[in-house]
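What follows is one structure encoded as structure tokens, with my remarks underneath.
The values are calculated or read from the model by the stated rules, or taken from the named source; none is laboratory data. Computed from a predicted structure; not experimentally measured. Here the Cβ is made from the backbone with ideal geometry for all residues, glycine too, and neighbour counts use every protein chain on show. Ligands, DNA and RNA are excluded from the accessible area calculation, which covers all protein heavy atoms including side chains. Shrake-Rupley method; radii C 1.70, N 1.55, O 1.52, S 1.80 Å.
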Amino acid sequence: MNQLLAQAEIAYHKPLMDLIYEAHEVHRLHHNPADIQRCTLLSIKTGGCPEDCSYCPQSAHYDTGLEKQSLLPLDEVRTAVKNAKANGAQRFCMGAAWRNVKDGPEFDRVLEMVRIVKNENMEACVTLGMLNVSQAQRLKEAGLDAYNHNLDTSRDHYSKIIGTRTYDDRLDTLKAARKAGLTLCSGGILGLGESVMDRCAMLAQLAGLDPQPESVPINLLIPVEGTPLSDAPPVDPIELVRTVAVARILMPKSRVRLSAGRVSLSKEAQILAFYAGANSIFLGDKLLTRPNPAPDEDEVLLSSLAR
């Protein structure tokens, strides 16, 4: 871990062009730079979460004006999956605002949702909060490819952002998913008041997992009125590019996903992030409950890369 942290810090502080050049070389060694995976993320159960994550509009601890929504019926999910596939998505992700998975009818319905995704020959990923090995195995048996559970930030900064779940709880969930044979999707959020050291420590923690996560989403905070981080200052897009580049260097084979917060990035900033090693985006007007670039904007973005 100490060696990975040192490597991350040295890389992060390199002159920008040197850092991007190194990351791009690593990227080309392990990936086709033209291969940018398109994903769609659907909120299958919205709001009322008992966790107190300071950034999240779905937390029951804050008044954000978000309308709660119970677990979606299967027909709505089936329609969303078919629409996502028709719009070019290769991976379909589903998120439920739960603290942890509970066995019972709702979990059984989620298992059926996974089967719906797999019936369309798409990759399936879910994020449902904490879970145990038995639950992870049931998801795997239903056809699930990946489990998302972000670390969010460094171990040292974590307690300043979340008080209802520990850092080790998050790592234990990742271990349970891995033990069941699922691939891991785990990354973090920039803009939580963290330092550069915190960003590097988060990436080093992820890179130290054996095996490393197959998917590493890098999110930008979207401040939401009513949450403790509603007045958080925006992150310089170049800092995002640096974070993507370090993630690529530390985790050469992972997909690095440009996730939440792309609405605040110019086309040029996103292209720079792709050059630095990002190779996935989320399509659709919303990511769970937050805005995402419109489909026509992403069509222009992706077309720019193809010419």
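Key figures
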item	result
Subset of the stretch 148-158 (residues that are within 14 Å of R199 (Cβ to Cβ) and either aliphatic (A, V, I, L, M) or under 12 Å from the mean Cα position of the chain (by Cα) (or both))	N150, L151, D152
Lone qualifier among E51, E112 - being among the acidic types (D, E) and either within 19 Å of C185 (Cβ to Cβ) or touching a Ser or Thr at 6+ places or on another chain (Cβ under 6 Å) (or both)	E51
Subset of the stretch 254-275 that is among the β-branched types (V, I, T) and open to solvent by 10 Å² or more (accessible area, probe 1.4 Å) - its residue that is nearest to the chain's Cα centre (by Cα)	V263
Residue in the stretch 60-71 that is closer than 21 Å to S215 by Cβ, in contact with a strand residue (DSSP E or B) (Cβ under 9 Å, 6 or more places away or on another chain) and touching a residue at least 40 places away in the same chain (Cβ under 8 Å) present	no
Given (1) open to solvent by 60 Å² or more (accessible area, probe 1.4 Å); (2) touching a helix residue (DSSP H, G or I) at 6+ places or on another chain (Cβ under 6 Å), index of the condition D63 fails	(2)
Those residues of the stretch 265-302 which are in contact with a strand residue (DSSP E or B) (Cβ under 9 Å, 6 or more places away or on another chain) and assigned to a helix (DSSP H, G or I), in sequence order	Q270, A273, F274, P295, D298, L301, L302
